[in-house]
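Encoded as structure tokens, the structure appears first; notes follow it.
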Amino acid sequence: MTPRRKRLLAVVAILAGVGAATALAMLAFQDNLLYFYNPSQVLAGDAPGGRTFRIGGMVTEGSLQRTEGTLQVRFVVTDYQHSIPVRYEGLLPDLFREGQGVIAHGKMTASGEFAADEVLAKHDENYMPPEVAESLHTPTPARVSE
Amino acid sequence: MKLPFRFLVPAIAFAVLVAFFVIGLQREPGRIPSPLIGKPAPAFSLESLGEPAWKVGSADFSGRPWLLNVWATWCVGCRDEHEALLAIARENRVAIMGLNWRDDRALALRWLAQLGNPYVSVAYDPEGRTAIDWGVYGAPETFLVDADGRVIKKHVGPLTMETWEREFLPLLPPAEAAK
Amino acid sequence: MIPELGHFALILALLLSVAQAVFNLGGAARGNMAWMAAGRSAVVGQFVFVALAFGSLAWAFIQRDFSVVYVATNSHSQLPLFYRIAAVWGAHEGSLLLWSLCLAGWTLAVAACSGSLEAPFRSRVLGFLGLISIGFQLFMLTTSNPFKRLMPAASEGLDLNPLLQDFALAVHPPILYLGYVGFSVAFAFACATLLEGRLDAAWARWTRPWTLAAWLFLTIGIALGSWWAYYELGWGGWWFWDPVENASFMPWLAGTALIHSLAVTEKRGLFKSWTLLLAVSAFSLSLLGTFLVRSGVLISVHAFATDPKRGIFILAFLTIVIGGALLLYAWRAPRLKSAAGFEVTARESFLLFNNAFLVAALGLILLGTLYPLFMDALELGKISVGPPYFELVFLVPMLPLLALLGVGMHAAWKRGLLGSARNRLYAAAGLGIGGALLIGGAAYGDLRPMTTLGFALALWVMLSALAIPLARIRARQPLPAAVLGMVVAHFGIGLATLGITGVQSFKVEKDFALAVGEAAQIAGYDFRFAAIRDVQGPNFIGVEADIVVTREGSPVTVLHPQKRLYNSGGNPMTEAGIEVGAARDLFAALGDELGQGRWSLRLQYKPLIRYIWLGAILVAFGGLIAALDRRYRVPAQARAGETVPATQ
């Protein structure tokens, strides 16, 4: 094989490799890009229906309800403009508390409740996503709340 | 000197990456220092939240360091930092003045009544003009003004005890023996 | 007093770093032996003063000096001594001091062990290391001073984050940093090589043991972090593709590609410019990781508190160091030409594929880690990239890599696969597939394709690795440390693959609501919630549960998960109860009281998970063996320019 052929082969191989990697990346991104919304955005219809996304805000004081003796919990997530009820079945993270921040991962149901399959507490040492930290610093709303 | 292009690719790719990082840092202005630091605190004189007939302003604490905390009832992070503010107020190291920003007076007063009031006084800024002078673009934000009336620190986002101890306290003069 | 001395020592260290850079680089440029000698002395001086600074900070922690801000925010009067020391690197400022200490240490080691290098080259290496030291020390002194005072002193500290009050996590940063920072040696060697315009491949031989050493520390550091996450974070996960985890994994991938590429460059003089680029990249990824974690552009688990000035400083530092190195590469690398050819089935070919697949995985992981930043910068929304992305983009390149790995170990240089090797490989392949079917079928009763493939590849790699020493012993051939190290490390990779396949395929994780006396079943094990009681520790109180585990009636173990409340306040923390077995882990974590006398419990069955970390340890051990090979200790000058025969 002449050096020129070898060079050509190398270039083709590299392009093929990059192409394969790009295709793989796009395939992998498809369902794994998780968008984050606050309750106001969800109620305004910004969040994709039927698909998993993340919702974040504060847990409304007094909203945490357990079905006694079971793993089922309900609580309300709010951004002080709007609120959304959340239901979840499972262990809550250690740092979950009313009046503190939370992120829930799941889907909106037809009943207007958010069915969470994962709950992360905002100041969780385990994980604090960037959008949460930024959402703690709020620019002024368009109108003053009533 | 002939420079085959492909050898520059890594450097160019890196430059693009750095450009994204620069944009990323600037998008959240809390990541770059405020231009107000070291300058005299913008003067203001506003109605007090509780007593509209009284005025509160930047001249109230001249001669000693003080904190300006920008807050509102619609602000998620303000609820978050409230306990820390109460604790800092209890320490009695500096006076805290609140700047109630683009909010409803009645709601704000009810909020303080329910959750506790860490502020020596609260200035009411419903139009947000004073906030603009201070370069405020979101709440909560907290400013430390020194005894000479200069802004020496700005903190964006909720204040925590850790931030207070690590970044604010070292900037304060040593506490006097008697209060 | 001591903190001020520490601060002063750090300032002196910075001055000595400047001296180190100036005298070494200047001396090499001018051919001035006196300067170069002064540069070497500066290395020693810098180390001494950084160590003094570090010691002062440690002393402040040991003495519970809460008049130092950093101590007050990371320690507590009731914190046990071991953790008071570990708290030194528990947060941003102290961890930077640790970085600087590691860098000074590696620099000292290079200065001490490089007597066989030509003086100008050695000086350039030390000079570049000095430039990096300047950056970190300047960073500390301008934005992140660990010695800042607090007046009046706090009466009590804010305590070390309870998550960090753990042995594994206490030692994790020093080991990890020795790895990260150690890649700076390869980086400095590469920069020196590029600067001098060296056309030969001698630098590859010099760089290889240093890179192996850094790489093995990084391997252990990552494994420790994973193991810690598993038992401490309470939920049984061992890898989350969290940005900070990725920040340590990416340099590891680059480092792995580098040690293999160095082998080719050293032995055959090939891939010279590529290896140089990799050497620059590995350390660049370490620095990039530092930026990501401390600047606030991506926040995660380990995120240190962000201060605006810090992000800018690190970015500027990053730009100068990495940008400078890449420009140096662009300027000098074109002159390097490798002309030798090799067969498709030769070892060079396999190592080329090794690099291709590792770099592909690395690139895709980098893309996933930075994607949220790109999207946010372009104002396309706030997104995060979920673990399934990373799992897929890592898995796909690894499959062909593992398959080729088994063959590549037996391929000779230049000429390719010899007859006797082929037979060994057919045997290994056959046994591998058979073994996989056996494990999947008999042990777990499940023959899913991906699982079987995973087991088969794992066994294939392990058997292929073992075949090498067996063949050599039978043929009465010597087994040099380099070969033994390779065998052990690759065997470790196979073992880790076995563990990963097992746990990801057959793990069971379920949440239950149980009252005392009730039981739950998973994976054939019965977990009975026997009792719950209050407990007390040196700096915490809490509750502890007894979970009695049986299998088909016979007792297996009793687990004691706890929920703790630390005296320094804050939220509750979970300590899982774990039982380690030869083939599986059993795991129980205690949740909350649910009312009606019930508690929430997370129970897990984790087959083969220990082999992941055991495999990683073997990988590191293999690296150690290889790094200690006799030929690295023979003076390099005697060997520079030698051509090496095609077979080992």
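No lab work stands behind these numbers, since they all come straight from the coordinates. None of these values were measured; they are calculated from a predicted model. Glycine also receives a Cβ, built like all others from the backbone with ideal geometry; neighbour counts cover every protein chain displayed.
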Expected unfolding gain across A:Leu64-A:Ile14 under the 0.36 nm per residue rule, minus the alpha-carbon gap, is 12.5 nm
Both in Å, the radius of gyration and Dmax of the C-alpha trace of the stretch C:10-79 are 17.6, 57
So the FRET efficiency between B:Leu171 and B:Ala95, C-beta based with R0 = 22 Å and rounded to 0.05, is 0.90
The simple spin-label model distance between B:Ser48 and C:Ala37, using points 7 Å out along Cα→Cβ, in nm, is 7.7
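Taking beta carbons within 10 Å but only from partner chains, what does the mean come to for residues A:58-64?
1
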Between C:Ala316 and C:Ser554, the FRET efficiency computed from the C-beta separation at R0 = 56 Å comes out, to the nearest 0.05, as 0.30
Proxy exposure order for C:Leu559, B:Leu112 (fewest C-beta within 10 Å first) is B:Leu112, C:Leu559
By the mean-Cβ-within-10 Å protection proxy, highest first, C:588-595, B:137-144 rank as B:137-144, C:588-595
Inverse of <1/r> over all distinct C-alpha pairs of the stretch C:498-603, i.e. the Kirkwood Rh in Å, gives 14.6
Restricted to chain B, the DSSP antiparallel beta bridge percent, nearest 5, is 60
Residue-ordered couplings for the stretch C:275-287, obtained by feeding phi - 60° into the Karplus form 6.51 cos²θ - 1.76 cosθ + 1.60 and rounding to whole Hz (Gly and Pro as x), are 4, 4, 4, 5, 4, 5, 5, 4, 5, 4, 5, 4, 5
Residues of the stretch C:178-200 with backbone N under 19 Å of the label point set 7 Å from the Cα of C:Ala29 along Cα→Cβ are C:188-198
Cα-based Debye curve of the stretch C:149-251 sampled at q = 0.16, 0.19 Å⁻¹ gives log₁₀ I(q)/I(0) of -0.80, -0.93
Between C:Leu438 and C:Phe167, the two model label points (7 Å from Cα along the beta-carbon direction) sit apart by a distance in nm of 3.5
Using eta = 0.692 mPa s and T = 37 °C, Stokes-Einstein with Kirkwood Rh from Cα pairs puts D for the stretch B:38-85, in µm² s⁻¹, at 254
Any residue on another chain or 5+ positions along whose placed amide H is under 5 Å from the amide H of C:Ile522 is listed here as C:Phe527
Packing-ranked peptide list from C:143-149, C:491-497, B:50-56, C:115-121, highest mean Cβ count within 10 angstrom first, is C:491-497, C:143-149, C:115-121, B:50-56
Under 5 Å from the placed amide H of C:Ala530, counting only residues 5+ away or on other chains, we find C:Gly517, C:Asp546, C:Ile547, C:Val548
Per the helix-only model, chain B has a calculated mean residue ellipticity at 222 nm (DSSP H runs of ≥4, -39500 (n - 2.57) each, divided over all residues, rounded to the nearest 500) of -9000 deg cm²/dmol
Expressed as a whole number, the average count of other chain Cβ atoms within 10 Å around the Cβ atoms of C:601-608 is 1
Between the Cα axis of helix B:105-115 and the main Cα principal axis of chain B, the angle (0 to 90°, nearest 10) is 90
Using alpha-carbon coordinates alone, the radius of gyration and Dmax of chain C in Å work out to 26.3, 83
With the stretch B:45-171 reduced to its Cα atoms and the Debye formula applied, log10 I(q)/I(0) at q = 0.09, 0.10, 0.15, 0.18 1/Å amounts to -0.21, -0.26, -0.63, -0.94
Computed on Cα atoms only, the convex hull of the protein assembly as shown has an orientation-averaged projected area in nm² of 42.7
Trypsin sites (Lys or Arg not before Pro) in the stretch A:46-89 lying in a DSSP loop, each with at most 13 other Cβ atoms within 10 Å of its Cβ, come to A:Arg51
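How would C:Met409, C:Met250, C:Met33 line up from fewest to most surrounding beta-carbon atoms within 10 angstrom?
Working: C:Met409 20, C:Met250 24, C:Met33 12.
If I rank by nearby Cβ atoms, fewest first, I get C:Met33, C:Met409, C:Met250.
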Listed by chain and number, the lysines with an alpha carbon less than 25 angstrom from that of C:Lys606, same-chain partners under 8 positions apart left out, are C:Lys507, C:Lys510, C:Lys563
Most packed first (mean Cβ within 10 Å per residue), the peptides C:422-435, C:611-624 order as C:611-624, C:422-435
Along the stretch C:256-269, Karplus-curve 3J(HN,Hα) (6.51, -1.76, 1.60; θ = phi - 60°) to the nearest Hz, with x for Gly and Pro, reads 5, 4, 5, 5, 6, 5, 4, 4, 5, 5, 5, 6, 10, x
Restricting to lysines and to Cα separations under 23 Å from C:Lys272, and discarding same-chain partners fewer than 8 apart, the set is A:Lys6, B:Lys2, C:Lys337, C:Lys414
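Assigning unit charges at the beta carbon (Lys, Arg +1; Asp, Glu -1) and nothing else, what dipole magnitude in debye, to the nearest 20, does the protein assembly as shown show about its Cα centre?
My answer is approximately 5160 debye.
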Expected vector for the stretch C:539-548, Karplus 3J(HN,Hα) from phi with 6.51, -1.76, 1.60 and θ = phi - 60°, integer Hz, x for Gly and Pro, equals 9, 7, 10, x, 10, 9, 10, 9, 10, 8
Quick calc: nm separation of the 7 Å Cα→Cβ label points for A:Gln72 and B:Ile132 -> 5.3
Residues whose built amide H sits under 5 Å from the amide H of C:Ser75, excluding neighbours closer than 5 in sequence, are C:Leu158, C:Asp159, C:Leu160
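Can you give me the orientation-averaged projected area of the convex hull built on the Cα atoms of the stretch C:51-206, in nm²?
Mean projected area of the Cα convex hull: 10.2 nm².
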